[in-house]
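The values are calculated or read from the model by the stated rules, or taken from the named source; none is laboratory data. Owing to the predicted nature of the structure, the values given are computational and were not obtained by experimental measurement. Glycine also receives a Cβ, built like all others from the backbone with ideal geometry; neighbour counts cover every protein chain displayed. Accessible surface areas use protein heavy atoms only, side chains included; no ligands, DNA or RNA. Shrake-Rupley method; radii C 1.70, N 1.55, O 1.52, S 1.80 Å.
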Amino acid sequence: MTNHWIDIKNSDVILVMGSNAASNHPISMKWVQKAKDHGAKLISVDPRFTQTSAKADIYAPLRSGTDIAFLGGMIKYILDNNKYFADYVVNYTNAAFIVGDKFDFSDGLFAGYNAEKRAYDKALWAYKKDDKGIVAKDPSLKDPKSVFQLLKKHYDRYTPEKVSEITGTPVPDLMKVYEAYATTGVKDKAGTILYAMGWTQHTIGVQNIRAMSIIQLLCGNMGIAGGGVNALRGESNVQGSTDQALLFHILPGYLKAPVATQQTLEEYIAQSTPKSADPRSVNWWSNYPKYTVSLLKSFWGDKATKENGFGYAWLPKLDPGQNCSWLNLFDAMYDGKVKGFFSWGQNPACSGANANKTRKAMAKLDWLVNVNIFDNETGSFWKGPGMDPKKIKTEVFMLPAAASIEKEGSISNSGRWAQWRYKAVDAPGKAEPDGDIMYELMVKIKGLYKAGGKFPDPIMNLKWDYADEKGHFDAHRVAKAINGSFTQDVKIGDKQYKKGDQVPAFPLLQADGSTSCGNWIYCQSYNADGNNMARRKKDDPTGLGLFPGWSWAWPVNRRILYNRASVDLTGQPWNPARPVVKWADGKWVGDIPDGPAPPMADEKAGKYPFIMTAEGFGRLFGPGLNDGPFPEHYEPLECPVPKNLLSGQFVNPTIKIFKGEMDKHFTCDPRFPFVGTTYRVTEHWQTGIMTRWQSWLIEAQPQMFVEISHELAKLRGIKDGDKVKVSSARGELDCVAMVTTRFRPFQLGKLTVHEVGMPWCFGWITPKDGGESSNLLTPNVGDPNTMIPESKAFMVNVTKA
Amino acid sequence: MAEGYSILVDTSKCTACRGCQIACKQWNQLPGTKTQQLGTYENPKDLSFDTYKVVRYSEGANGDGKAYWNFFTEQCRHCLSPGCMAAAEKDEIVQDEKTGAVLFTPATKDLDFKATVEGCPYNVPRQNPKTKVLAKCTMCFDRITNNMIPACVKSCPTGAMAFGERDKVLDACKKRVEELKKTHPKAEAINPNDVRVIYIVTDDPKKYFKFAAGK
């Protein structure tokens, strides 16, 4: 989230799209209700009429996978009807930037496409710059090569009628949503978006969010109270897990995973640090070297020296172009290229797309370690449906883990608040906190390396001092190391810091090895003031619900990101009734501002507000993604329509298509005529492994079901409560039919398309008659930027069992 | 008696998260019963000796063709003049003077179950098939007499449920209905003068649950 949960209450129009917040983030509705109490409108856009839709002022259905068409139509509506916040667009976004002559867009493809590589040469999308490297601009926004005019041209094709024929949303419903949301394109109204996996799990997932980001920038909704782009994260600490880089492509604090061609620290830093020739752009990532060196110091301590590049050579490197995300990982495992697998706090046998492939892949392993609080379909895959234990060589180890209330530590919520939690009870039996398991594992590995081993330096030199006096993992030691400390006595400005002092905040991190920091964005979380994550002060000085003394938010306790865009050029709030920050008497008051520089009207010292982009402006035109600088509608890999009505490019041209025996997919195939989608229910958590064992929850939501419309039920002779079979190119499963008015057939021109939906919280291990995971059906194809699977739009059949 | 406590259930704020249904089971240490998916989110399918509270889901299409999905967290209404007590001869069922909670005692095993259910306008009492004892919501009597609010109210994330002194609840109820009428002309409180658990609905009560406003 750029904003945070409580801030939803400050909104005037709340769009919930790609999310069913009421079911899956129940507490969010507390703040939605508070917003409604002061007159806010709630809009729900969803293929199915959900619990969120039931509370909405406006509901619009859309066919799964067509969100960009829907949002593109909204962009066109805002531009055509001058509903955008002009001052904001001109001054704070890249609308006025001139794009280089090589940029082009034609029939669904941007300039620079290489069909063989299924990739773009993004250099062709660069801005036009002068000799000094300053981007050419036209504040009148009239230049045909300006971002504003290109944006207008790009979405001119997205007429309500065309959009409706793609999405299946009736035109009147489309217009209701567009009109309501566009009311926020003024200085004193706020619109927010709450999205979740309904937007990310598509082959156009990132561009769904980009499309909404464009709308938020056009309406001036970024940086303000009640605005922002807000991802409702699917796990209580999934924000923390990405912050700490439990992903293949990043290091902690969103630093880039190094590539093998980057042989030295200097090369890595040079290629990772964005540059700006404009002195008014903060270009915060110019601090990249400080964060990198401090991170390396936290890994290898005194062994990381200037002479050895602070141990850069010891970091694992990706091969050029290598992608080690989930789908590729299990593809490699299926091909027998992976020997061992730690499945830690997860359940891939049910959670991963094309779960049949995942399950078969695990049978190719030599060993599997399952760390979890309960047995699950992953640890017991070898005795699951269709498996012959005698033929499976994989040795499985079960390590019982402590549950969240059985250990101390921090949890980072969607709003970036790191909240410290104490331990309530001891873990049962020999279950241990994950930290202890990890700590002991590394101690053992280090011990084994003493006897020799390949490339011992990164292992033997690793600083591993995270245990307390009794030898147990100590969450405080780790938290302090993440915050970081000085490695030697230093004087910065007129202030003296001693070796071992905690670094006060990340502006003081250094690139010379004098500071160590496990994650720069968390620097300030645990400093001389103590454990700021454990703070529980209930003061709300702004009245906006920022609660600056409750827990701690990254970065530097800023509660609303890009808050310098919430003010005019002189630093006065666009909306005086909800001031996030304000320039008064030569300083900022309110939330922690995005840097101390004076407002933009100060022509010498003033800085641009979007400090995390190299140019300092919000990006309507986003030249960094793999699939284009403007979101463009493409059909899902599996879809019910014979062509893309907006271009000759049927599916996203940059997706990777797996071609093995287990990687089947079909489009417009009469055997699989209905759109399928998946979702969660309130009662079960993810694959259900924490909730299916719980009698009150399984009582409320006991068995796998499929929701289908009355029209489809009639077509197939299915009655409410009947047993049915749902199948796709990749698998099949039994469901109970839930025949409902809440799904309706979509009318796409002359074509009628039915959609059905299933939860993915069930699995064979418990309860015995609960049914299987709907991920047996979902396709293993991913977004070209993130490789998140397209679990939200695929093709199925439904027949009476 | 008109003093004591009341619970306001504002269904316009209910999202059917079922926190209340689970909290009720948890506080009262009631077992999860064996259920099946019957083609609805609603489960268990009815109140029982082991289930004092069930969230009812009711869906359909309005006159304009738009879908609706109403949620109604069913429980004992704790009537001011409890119909269930009509069949009682002694203290099998008592009405607590201070709180107004209507309580079933173990002596309900001697009651005529059929007559008791028939006496209840809302079809709430249920019998343990083995012990013949009757059970239903207690308004969390053990909590409210120890300065705690009922477990269901405590669990509600949106403020759809509120607990308090009856006169204050009635005031809040009146205000909320007036406010809702601006956008929902059919908004009403269901039998506020007869019950302690007062539901606010924005449409015909029958579109929420067949016994929402009584049998």
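Does A:Pro673 meet the test of being over 27 Å from the mean Cα position of the chain (by Cα) and farther than 24 Å from B:Thr35 by Cα? Yes, satisfied.
Hey, does the range A:733-744 have a residue that's within 14 Å of chain B (Cβ to nearest Cβ), more than 29 Å from the chain's Cα centre (by Cα), in contact (Cβ under 8 Å) with a residue 40 or more places away in the chain and farther than 27 Å from A:Cys668 by Cβ? For the range A:733-744, residues within 14 Å of chain B (Cβ to nearest Cβ), more than 29 Å from the chain's Cα centre (by Cα), in contact (Cβ under 8 Å) with a residue 40 or more places away in the chain and farther than 27 Å from A:Cys668 by Cβ: present. For the range A:272-289, the criterion of being open to solvent by 60 Å² or more (accessible area, probe 1.4 Å) and under 24 Å from the mean Cα position of the chain (by Cα) is met by none of the residues.
Looking across the range B:100-127 at every residue that is crowded, with 20+ Cβ neighbours inside 10 Å and aromatic (Phe, Trp, Tyr), the one that is farthest from B:Thr73 (Cα to Cα) is identified as B:Phe104. Among the residues of the range A:274-288, not a single one is free of Cβ contacts under 8 Å to residues at least 12 places away in the same chain and assigned to a helix (DSSP H, G or I). Taken over the range A:538-555, the criterion of being surrounded by fewer than 17 Cβ atoms within 10 Å (Cβ to Cβ) and in contact with a Pro (Cβ under 8 Å, 6 or more places away or on another chain) is satisfied by A:Asp539, A:Pro541.
Tell me whether the range B:69-87 contains one or more residues that are open to solvent by 10 Å² or more (accessible area, probe 1.4 Å), more than 28 Å from B:Thr11 (Cβ to Cβ) and assigned to a loop (DSSP other than H, G, I, E, B). No. Picking from residues in the range A:1-44 that are assigned to a loop (DSSP other than H, G, I, E, B) and among the β-branched types (Val, Ile, Thr), the one that is farthest from A:Gly228 (Cα to Cα) is A:Ile27. Between A:Val90, A:Val16, the distinction of being within 14 Å of chain B (Cβ to nearest Cβ) and closer than 21 Å to A:Ile214 by Cβ belongs to A:Val16 only. The number of residues in the range B:170-194 being closer than 27 Å to B:Ile22 by Cα and without any contact (Cβ under 8 Å) to a residue 12 or more places away in the chain comes to 0. Reported count of residues in the range A:111-135, each being assigned to a loop (DSSP other than H, G, I, E, B), buried (at least 16 other Cβ atoms within 10 Å of the Cβ) and among the small types (Gly, Ala, Ser), is 2. Buried (at least 16 other Cβ atoms within 10 Å of the Cβ) and at pLDDT 95 or above: does that describe A:Ser695? Against the criterion (buried (at least 16 other Cβ atoms within 10 Å of the Cβ) and at pLDDT 95 or above), A:Ser695 does not qualify.
When the residues of the range B:148-169 are filtered to those that are touching a residue at least 60 places away in the same chain (Cβ under 8 Å) and among the aliphatic types (A, V, I, L, M), the one that is nearest to the other protein chains (Cβ to nearest Cβ) is B:Ala160.
In the range A:707-728, the residues that are within 11 Å of chain B (Cβ to nearest Cβ) form Cβ pairs under 8 Å with partners that are modelled with pLDDT under 95 and open to solvent by 10 Å² or more (accessible area, probe 1.4 Å), at six or more places apart or across chains, as follows: A:Asp722/A:Ala801; A:Lys723/A:Ala801; A:Val724/A:Ala801.
The residues of the range A:377-399 that are charged (D, E, K, R) and in a loop (DSSP other than H, G, I, E, B), listed by number, are A:Glu377, A:Asp388, A:Lys393.
Is it the case, given these coordinates, that A:Ser236 is of a type in the set (S, T, N, Q), at pLDDT below 95 and open to solvent by 10 Å² or more (accessible area, probe 1.4 Å)? The answer is yes for A:Ser236.
Could you please give the count of residues in the range B:22-56 that are hydroxyl-bearing (Ser, Thr, Tyr), at the interface with chain A (Cβ under 9 Å from one of its Cβ atoms) and either out of contact with any Asp or Glu (no Cβ under 7 Å at 6 or more places or on another chain) or assigned to a strand (DSSP E or B) (or both)?
3
Selection of the range A:572-612 for residues being at positive phi and surrounded by 21 or more Cβ atoms within 10 Å (Cβ to Cβ) yields only A:Gly590.
For the range A:90-110, which residues satisfy the criterion of being closer than 20 Å to A:Ser647 by Cα and open to solvent by 10 Å² or more (accessible area, probe 1.4 Å)?
Those that are closer than 20 Å to A:Ser647 by Cα and open to solvent by 10 Å² or more (accessible area, probe 1.4 Å): A:Phe103, A:Asp104, A:Phe105, A:Ser106, A:Asp107, A:Leu109.
Checked against (1) of a type outside the set (A, V, I, L, M, F, W, C); (2) under 16 Å from A:Ser414 (Cα atoms); (3) in contact with a Gly (Cβ under 6 Å, 6 or more places away or on another chain), A:Tyr155 meets all criteria but (2). With respect to the conditions (1) β-branched (Val, Ile, Thr); (2) at the interface with chain B (Cβ under 10 Å from one of its Cβ atoms); (3) surrounded by 22 or more Cβ atoms within 10 Å (Cβ to Cβ), A:Ile27 falls short on a single one, namely (3). Test A:Glu711 against the criterion of being under 19 Å from B:Ala16 (Cα atoms) and acidic (Asp, Glu), and give yes or no. So A:Glu711 does not fit the description; no.
Consider the range A:370-424 and keep the residues that are open to solvent by 10 Å² or more (accessible area, probe 1.4 Å) and of a type in the set (Val, Ile, Thr). The one that is nearest to the chain's Cα centre (by Cα) is A:Ile411.
If only residues of the range A:751-778 that are part of a loop (DSSP other than H, G, I, E, B) and among the charged types (D, E, K, R) are counted, the one that is nearest to the other protein chains (Cβ to nearest Cβ) is A:Asp769. Does the range A:167-174 contain any residue that is open to solvent by less than 80 Å² (accessible area, probe 1.4 Å), of a type in the set (Gly, Ala, Ser) and at positive phi? The answer is yes; a qualifying residue exists. For the range A:80-110, the set of residues classified as in a helix (DSSP H, G or I) and of a type in the set (A, V, I, L, M, F, W, C) consists of A:Ala86, A:Val89, A:Val90, A:Ala95, A:Ala96, listed by residue number.
Results for (1) in contact with a strand residue (DSSP E or B) (Cβ under 6 Å, 6 or more places away or on another chain); (2) farther than 12 Å from A:Leu265 by Cβ; (3) in a loop (DSSP other than H, G, I, E, B), shown as yes or no for each residue.
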residue	(1), (2), (3)
A:Leu296	no, no, no
A:Gly301	no, yes, no
A:Leu329	no, yes, no
A:Lys337	no, yes, yes
A:Ser343	yes, yes, no
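Of note, A:Leu625 satisfies the criterion of being in a loop (DSSP other than H, G, I, E, B), open to solvent by 20 Å² or more (accessible area, probe 1.4 Å), farther than 18 Å from A:Gly226 by Cβ and touching a residue at least 12 places away in the same chain (Cβ under 8 Å).
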